[in-house]
1. With Cβ to Cβ distances under 13 Å as the rule, what net charge do the other residues near residue 143 carry (K, R +1; D, E -1)?
2. When you count, for each residue, the other Cβ atoms within 10 Å and take the mean per peptide, how do 107-114, 151-158 rank with the highest first?
3. Decide, for segment 167-302, between rounded, prolate and oblate: order the square roots of the alpha carbon gyration tensor eigenvalues as a ≥ b ≥ c, take rounded if a/c falls under 1.5, and otherwise choose prolate if a/b is larger than b/c, else oblate.
4. Calculate, axis by axis, the spread of Cα positions in the chain along the three principal axes, and write the results as whole Å, longest axis first.
5. Cα centroid distance between segment 103-153 and segment 185-212, in Å?
6. What shape does segment 109-219 have by the C-alpha gyration tensor, where a ≥ b ≥ c are the square roots of the eigenvalues, rounded means a/c under 1.5, and otherwise prolate means a/b greater than b/c and oblate the rest?
7. Which value, in debye to the nearest 20, describes the size of the charge dipole of the chain about its Cα centre when Lys and Arg Cβ atoms bear +1, Asp and Glu Cβ atoms bear -1, and nothing else is charged?
8. Based on the mean of other beta carbon atoms within 10 Å per residue, what is the order of 117-124, 264-271, most packed first?
Amino acid sequence: MSTALLQPPVARQGPGPIPQQLVDALDVAVSALISRALPGERRAAGVGLGTELAQISPYELGDDVRHIDPAATARTRQPHVRRHVPERALTTWLVLDLSPSMAFGTARRLKADVAEGAALVFGRLGIRRAGSVGLVGFGAGDPHVLAPRGSKPGIVALRRTLGQGVAPDGAQDPEGLAAALRHVGRLARQPGLVVVISDFRDQRHWERPLGSVRIRHATLAVEIGDPREAELPAAGHLALVDPETGARVEIDSSRRRVRERFAALERERRERVASELRRLRVRQVTLSTGDDWLLSLGRQLR
């Protein structure tokens, strides 16, 4: 078959609309995930701005008058201020797959589009309550690191990084995920949330680094797939190119045994990934390019 018939992937469509009200609905589920994994770890020592009252003390020159407590002031006839226990700013780390296989998609979007949407959702949730979001991208050479930032600058920096796209075909890095997780383990000194967003294809030796991250952080694995990765269509002779390695193979997809073997290998691969995540006690969410990924994310998290 002529190489002229091989078409490049469809241009990226982006993740589509991400309504704020849907993101707000996910906040409770993500907060529950964090609280289960990090009980009692988010509160800082000392007093300051926060939601929990630490003490009521006499007003001193320089105290914020907005914190004057009317009841205590009336009772003692001396100005008193409320002092609160501050909440520690939680850092969310996104471990994002930028390998060439993420540029594949045969349904609504490419896998990279769904990954971008998931990263933006967890980025928005991460900057709430004085939080910050950082990113470690893998699969395109050395890990690409975006230092944690909070508020609007954090989201702007995240969007800019996501807009750079994925690695070109043939830029295989089978140890990319493992290296990225080890990098997060060194950078994330305080307990936080680590979200791995990947298709987990052709990645090796990531289990032990992920287990190390899981010990200290709340961890979530978001696996992204495409319908054609699970089932080969009966389309006759096909010339296929592996985006990770650049290797080319020709097959006859009209043969039932070929399609059945293809489906069986993919089931084994996905079951192996799911089994390892269960063994490590890492929560798994699966998203597809053929579904409403945001709705699916919400249903699985809740």
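1. Residues near residue 143 contribute -2 overall.
2. Ranking the peptides 107-114, 151-158 by packing returns 107-114, 151-158.
3. Verdict is prolate for segment 167-302.
4. 91, 35, 33
5. Here the two parts' Cα centres lie 14 Å apart.
6. Oblate shape, in that a/c is at least 1.5 and b/c is the bigger or equal ratio.
7. 900
8. With the highest mean Cβ count within 10 Å placed first, the list reads 117-124, 264-271.
Any read-out appearing in this document is the output of simple, stated calculations on the displayed coordinates, not a laboratory observation. The structure presented is a predicted model; accordingly, all values stated were derived computationally and were not measured. Don't worry about glycine lacking a Cβ; one is built from the backbone with ideal geometry, like all the others, and counts go over all protein chains shown.
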